[in-house]
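Undergrad: This is the structure, below, for whatever I ask next.
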Amino acid sequence: MDIKELAASFSERNPFTNGLGIEVTAIEPDYAEGRIEFAKKISNRSGFVHGGVYMSLADTIASAAVHSRGASYVTQSCSFQFYKATKDETLCCAARVNHRGRKTCVAETKLTHADGTLVGEGLFSFYKVSDEAVK
């Protein structure tokens, strides 16, 4: 699977992320970027982006970075720190693999507004389920 197909598998061909509007914008070995545009459907009752959207974006982009070398993984655990609320702003995410072992992989994420303001950070652990890429 090439990089363009891999990005599509996390965006257009994934019903959950597609429904939210998450877009994978870049994938390189051990690195990925993505974003989600603000929309009323992803906001909470106060009008801010729901915290679950932060987590979903971070998990999706971390997963894209982890899958960038061809094997298949599932999220094992995560921790996330929320720094700033988001309203009427695009949320951007960058993920980098910090550790790639025989069966596990760890990636860190940084969520920002389009202007670079840091709004959250996460650490995600993944477990390898196959040496083959998901088709």
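Undergrad: Looking only at region 80-135, count how many residues are at positive phi and at pLDDT below 95.
TA: Within region 80-135, residues that are at positive phi and at pLDDT below 95 number 1.
Undergrad: Does any residue in region 28-42 that is under 26 Å from Gly70 (Cβ atoms) and in contact (Cβ under 8 Å) with a residue 24 or more places away in the chain come within less than 8 Å, Cβ to Cβ, of a residue that is hydroxyl-bearing (Ser, Thr, Tyr) and assigned to a strand (DSSP E or B) six or more places away or on a different chain, and which pairs are these?
TA: Listed pairs, sorted by first residue: Glu33/Thr25; Gly34/Thr25; Arg35/Thr25.
Undergrad: For Gly47, work out the one condition from (1) in a loop (DSSP other than H, G, I, E, B); (2) buried (at least 21 other Cβ atoms within 10 Å of the Cβ); (3) among the small types (Gly, Ala, Ser) it doesn't fulfil.
TA: (2)
Undergrad: Enumerate the pairs (first residue in region 108-120 and in contact (Cβ under 8 Å) with a residue 24 or more places away in the chain and farther than 14 Å from Val53 by Cα; second residue anywhere and loosely packed, with under 13 Cβ neighbours inside 10 Å and aliphatic (A, V, I, L, M)) with beta-carbon separation below 7 Å, excluding pairs fewer than 6 apart on the same chain, so at least 6 apart or on different chains.
TA: Close Cβ pairs (under 7 Å, with a partner that is loosely packed, with under 13 Cβ neighbours inside 10 Å and aliphatic (A, V, I, L, M)) do not exist here.
Undergrad: Answer with yes or no whether Cys93 is assigned to a strand (DSSP E or B) and closer than 17 Å to Ile36 by Cβ.
TA: yes
Undergrad: Looking only at region 20-58, count how many residues are under 24 Å from His99 (Cα atoms) and not aliphatic (A, V, I, L, M).
TA: Residues flagged as under 24 Å from His99 (Cα atoms) and not aliphatic (A, V, I, L, M) within region 20-58 amount to 10.
Undergrad: Just checking, which of Ala71, Ala58, Ala62 is small (Gly, Ala, Ser), buried (at least 16 other Cβ atoms within 10 Å of the Cβ) and touching a Lys or Arg at 6+ places or on another chain (Cβ under 6 Å)?
TA: Just one listed residue meets the conditions, Ala71.
Undergrad: Which one is nearest to Glu132 (Cα to Cα), of the residues in region 103-118 that are of a type in the set (D, E, K, R) and surrounded by 14 or more Cβ atoms within 10 Å (Cβ to Cβ)?
TA: Filtering first and then ranking leaves Glu108.
The values are calculated or read from the model by the stated rules, or taken from the named source; none is laboratory data. Quick caveat, the model's predicted, so the values are computed rather than measured. Note that we place each Cβ from the backbone using ideal geometry, even for glycine, and neighbour counts take in every protein chain shown.
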